[in-house]
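All remarks here apply to the structure that follows.
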């Protein structure tokens, strides 16, 4: 079993999709490193990219072609000014020239040099092959984007090293929920503390705090941007941004300028019962509207489900605990990351492999478990909350209209956040000794459901709403 850090599950990147955008972006970076390692980079005469399976079928709607070009240009998804993306892409398209790793120009025509192949490669449904012509000969390397921004090669060369970290570095290696509970009982610690001990075995506490703060700041800024941006989303569906209008109706006359001031002002606002649901939905919608417009978000565990965790964490800070500080945020993210890793190890977080249950379902489970600990739940109740949240997402298909991460993806984040809160409340009133479906069983069931699911419901836009509702109808 591989080592999966919280920072593997929560990554900063550019939307709209972790598997179709961030993954191919990182794959391009890895390919450039391969070329440099093999002393071939400077000799490249031409490059072509082949996209397979889901990357091909919904690649244009998910901006996979953009991500590949940006990765080949050497841009960093964590730091690139998002307003420059369209400028860079337009330049490549207009000049048919790409600055390879920002080092030298190369003739490149996106229309002919990025090939969308509808066939699937055997290893995984998200395949991408890079081919370079060097001294008249072609050399290729194939990668697979397996969800959440994770990228692997079929031979999994890094797998051995990751397993060694898991077995020899992590003091408390976890594959199953039962193992996690065993450590909590043995050490008399909450889940967040056990996870923190594992993280401290591979990086110092100052770095952990810095990176978790950076993740939260990105989430908060993303919600702030989404709540203050109006208009329609790009892509042709003409989807109107709803977070702006919802936010305007909810906030009243409060004054603020920056995201942190915004958070403080919301905390001071008197919130009625019905408004709680609206605020949570507003937070979730805001994130995924930013995601759909190639904005910067945190994969949690994916871009398509990026709105659930920040929305639920904001719920805790705005509704449940106005005194919440970084330590609460830290615990929340540590627990959420660990629950997500259990699903990744035992099932999948890729919609192309398991449908939307693997994205919204997992994110809802992550958020429910994390919220449960902050509200005083025992480690057993935390896993009950995660189980309840996933149990009621089992079988959810991934059927984006037009291959865009908009309909039904954006609304599903709002629903996933509400379900997470409800699952937490149910878990807090549950005696874990009476639970009939443990977390490990629902993880296994989710994976079996994923394997049984028809491929047309796995992020291919060949079934469900994607064929029931045409772009022309929108």
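Throughout, read-outs are computed from the coordinates displayed, never taken from laboratory work. Treat the numbers as computed from the prediction; the structure is a model and nothing was measured. Counting neighbours? That spans all protein chains shown, and the Cβs are built from the backbone with ideal geometry, glycine included.
Can you give the extra length, in nm with one decimal, that the chain gains between residue 272 and residue 431 once fully stretched, where that is 0.36 nm per residue apart less the Cα-Cα distance?
Taking 0.36 nm per residue and subtracting the Cα distance, the gain is 54.2 nm.
Under 17 Å from a label point 7 Å along Cα→Cβ of residue 250: give me every residue in the stretch 268-301 with its amide N that close.
Only 268-291 pass the distance filter.
When ranked by the protection proxy of mean other Cβ atoms within 10 Å per residue, highest first, what sequence do the peptides 123-130, 105-112 form?
Output ranking for 123-130, 105-112: 123-130, 105-112.
Mean separation of Cα pairs under 8 Å and 6+ residues apart, divided by the residue count of the stretch 1-119: what relative contact order is that in percent?
33
Take residue 238 and residue 37, extend 7 Å from each Cα along the Cα→Cβ direction, and tell me the distance between the two endpoints in nm.
In this crude label model, residue 238 to residue 37 measures out at 5.0 nm.
Can you tell me the order of 199-210, 293-304, 215-226 when each peptide is scored by its average per-residue count of other Cβ atoms within 10 angstrom, highest first?
293-304, 215-226, 199-210
Could you give the length gained on full extension between residue 178 and residue 263, defined as 0.36 nm per residue of separation minus the Cα-Cα distance, in nm?
26.9 nm
With a cut-off of 14 Å, note down the residues of the stretch 84-104 whose backbone N falls inside the zone around a label point 7 Å from the Cα of residue 112 toward its beta carbon.
Output list for this probe position: 96-97.
Calculate the length of the line joining the C-alpha centroid of the stretch 28-84 to that of the stretch 305-368, in whole Å.
Using only Cα atoms to place each centre, the spacing works out to 29 Å.
Rounded to the nearest 5, what is the percent of antiparallel bridges among the DSSP beta bridges in the chain?
90
Taking the Cβ of each residue in 137, 242 as the centre, tally the other Cβ atoms inside 10 Å and list the residues starting with the fewest.
Listing 137, 242 from fewest to most nearby Cβ atoms yields 137, 242.
Can you classify the stretch 16-158 as rounded, prolate or oblate using the Cα gyration tensor, where a ≥ b ≥ c are the square roots of its eigenvalues, rounded means a/c under 1.5, and otherwise it's prolate if a/b beats b/c and oblate if not?
Rounded shape, in that the Cα axes give a/c under 1.5.
Just check the stretch 274-400 against the gyration tensor rule for me: Cα atoms, a ≥ b ≥ c as the square roots of the eigenvalues, rounded for a/c under 1.5, and otherwise prolate or oblate depending on whether a/b exceeds b/c.
Because a/c hits 1.5 or more and a/b fails to exceed b/c, the stretch 274-400 counts as oblate.
Among [x] 21.7, 69; [y] 23.1, 69; [z] 22.7, 77, which one is Rg and Dmax of the Cα atoms in Å computed from these coordinates?
[x]
State, to one decimal in nm, how far the label point of residue 103 lies from the label point of residue 469, with both points 7 Å from Cα in the Cβ direction.
It is 4.7 nm.
Could you list 138, 436 so that the one with the fewest beta carbons within 10 Å of its beta carbon is first and the one with the most is last?
436, 138
Relative to the present Cα-Cα distance, how much length would full extension add between residue 135 and residue 123 at 0.36 nm per residue of separation?
1.3 nm
Working from Cα positions, state the angle (0 to 90°, nearest 10) between the long axis of helix 85-95 and the longest principal axis of the chain.
So the inclination is approximately 10 degrees.
How do the peptides 360-372, 408-420 rank, highest first, by the average count of neighbouring beta carbon atoms within 10 Å per residue?
360-372, 408-420
Suppose R0 equals 41 Å. What FRET efficiency, 1/(1 + (r/R0)^6) with r the Cβ-Cβ distance, do residue 320 and residue 30 give to the nearest 0.05?
Plugging the Cβ-Cβ distance into 1/(1 + (r/R0)^6) gives 0.50.
So how far apart, in nm, are the two label points at residue 90 and residue 45 if each is 7 Å from Cα heading toward Cβ?
3.4
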